[in-house]
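All remarks here apply to the structure that follows.
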Amino acid sequence: SPSSHTGVGILKSVNGGQSWALLGQSSFNRSTVRRLRVDPNDANVVVAASAWGGFGREGYGSDAALASQFGVKRSTDGGANWVRTLAGQASALEVDPANFARQYAAIFNQNPLVIDPGNVSNGIYRSTNGGVTWSRIEGPWGSPLGRIELAGAPSDPNVLYAGISSTDNPGLLGLYGT
């Protein structure tokens, strides 16, 4: 299902899980954090993919404030503050393990109740600067695109896989690799 439960933020531990702090309440309240990636060379740089949760406490809503919660967000202070760098509902986020600057995100705007004027079209996006800016990748998959999942090959950071569903015909549109 493309839906998940809503949350209130991100939990962070700096002592191996003995205690936790809640971060990002204003940036992630009422959304689902689908992926969280930390720069291995600088733990203060964090990138998160979030989308509409739909279920749970305060899950439903269609206001612009709710919609502005979604997308890819970036923090440079260990998760205390976040800036949205890619609008829309993000279903996946993959980072090259050898080069944090090289990232891929998937946007799927499946909920017509959540209108965000900053939304970009469904698709796969690439960043070459650590999630600061993004550009859309055109591929052989056509349209209309539904939910997209991404996975990097552990054996080769140059290989990326995408599983894409169709919005017209329920089910898998295709599996793609590059």
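Residue-level check: of (1) modelled with pLDDT of 85 or more; (2) at negative phi; (3) under 13 Å from the mean Cα position of the chain (by Cα), residue 109 misses just (1). Here 160, 145, 172 are screened, and the one residue that is open to solvent by 60 Å² or more (accessible area, probe 1.4 Å), among the aliphatic types (A, V, I, L, M) and touching a strand residue (DSSP E or B) at 6+ places or on another chain (Cβ under 7 Å) is 172. Checking the stated criteria, residue 68 turns out not to satisfy the condition of being surrounded by 17 or more Cβ atoms within 10 Å (Cβ to Cβ), at pLDDT below 85 and within 23 Å of residue 123 (Cα to Cα). Only residues that are open to solvent by less than 60 Å² (accessible area, probe 1.4 Å) and at pLDDT below 90 were counted in the range 24-38, giving 9.
Please indicate, with yes or no, whether at least one residue in the range 42-49 is crowded, with 20+ Cβ neighbours inside 10 Å, touching a helix residue (DSSP H, G or I) at 6+ places or on another chain (Cβ under 8 Å) and under 22 Å from residue 128 (Cβ atoms). Checked the range 42-49: at least one residue is crowded, with 20+ Cβ neighbours inside 10 Å, touching a helix residue (DSSP H, G or I) at 6+ places or on another chain (Cβ under 8 Å) and under 22 Å from residue 128 (Cβ atoms).
The values are calculated or read from the model by the stated rules, or taken from the named source; none is laboratory data. As the structure is a prediction and not an experimental result, all values here were calculated from the model. Reconstructed Cβ throughout: ideal geometry from the backbone, glycine too, with neighbour counts over all protein chains shown. Just the protein is used for accessible areas: all its heavy atoms, side chains included, with ligands, DNA and RNA removed. Shrake-Rupley method; radii C 1.70, N 1.55, O 1.52, S 1.80 Å.
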